[in-house]
There are 2 protein chains.
Amino acid sequence: MAKISSPTETERCIESLIALFQKHAGRDGNNSKLSKAELLIFMNTELGAFTKNKKDPGVLDHMMKKLDLDSDVQLDFQEFLKLIGGLALACHDSFIKSSSSQK
Amino acid sequence: MAKISSPTETERCIESLIALFQKHAGRDGNNSKLSKAELLIFMNTELGAFTKNKKDPGVLDHMMKKLDLDSDVQLDFQEFLKLIGGLALACHDSFIKSSSSQK
């Protein structure tokens, strides 16, 4: 019988990102695209720490424009990954900067 | 006093990806770049489910070449995110295909 092992941390992350996208994109019945309203809910519930000081509604429009490669005013999963990747990169860079300044 | 809330699922994923990269890239003492040897260990320990049927050593060279945008034969965090993003996209697409074929 094949052994089913528990997922690794990387596999768990990939599963989480897919589940998060499906959950938020599916609010309007179409879980393959994240609308601007759905993106706003995602940002506020999942990324409050990043958005709490950015109450300017223009920021969302600007983000959407930057991420929405095919200009359909919605984000598909690939465009959503670009958002997560951008945030991860910013966190990583700030982490590196703060650890090197402590040396 | 400022309230410290527990991280959301998205924040946890971002933290995990940074920690995973730091852990694997740091094996040779330089935690800002993932060498080919470190990538192999990462793939085998974290992504065994994806790699178990790919024993051809040429696959690693091919992957490295595709991901290594600045051709320094190492992966920085941004290039590492491209690997994770590519895998997440492939999983998402296969999930969508399998759910639509079940309808």
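Quick notes
- Here B:Arg27 yields copy-to-copy label distances, from shortest upward, of 4.2 nm, the label point defined as 7 Å from Cα along Cα to C-beta.
- Of the trypsin sites (Lys or Arg not before Pro) found in segment A:1-89, those that fall in a DSSP loop while having at most 14 other beta-carbon atoms within 10 Å are A:Lys3, A:Lys52, A:Lys54, A:Lys55.
- Inter-label distance, nm, simple model (7 Å from Cα along the C-beta direction), A:Ser32/A:Asn44: 2.8
- Summed over the residues of segment B:32-96 and divided among them, the accessible surface reaches 55 Å² per residue at a probe radius of 1.4 Å.
- Distances in nm from A:Ser6 to the matching label points in the other copies, shortest first (labels 7 Å along Cα to Cβ): 1.6
- Distance to the A-onto-B rotation axis is smallest for one chain A Cβ; residue and value in angstrom are A:Cys13, 2.
- Take B:Thr51, push a point 7 Å out from Cα through the beta-carbon direction, and compare it with the same point in every other copy: 3.6 nm, smallest first.
- Per residue of the protein assembly as shown, the DSSP helices (runs of n ≥ 4 H) give a summed -39500 (n - 2.57) that works out to -21000 deg cm²/dmol at 222 nm.
The values are calculated or read from the model by the stated rules, or taken from the named source; none is laboratory data. A quick note: this is a predicted structure, and the numbers were derived from the prediction, not measured. Reconstructed Cβ throughout: ideal geometry from the backbone, glycine too, with neighbour counts over all protein chains shown. Just so you know, the surface numbers come from the protein's heavy atoms only, side chains and all, with ligands and any DNA or RNA stripped out. Shrake-Rupley method; radii C 1.70, N 1.55, O 1.52, S 1.80 Å.
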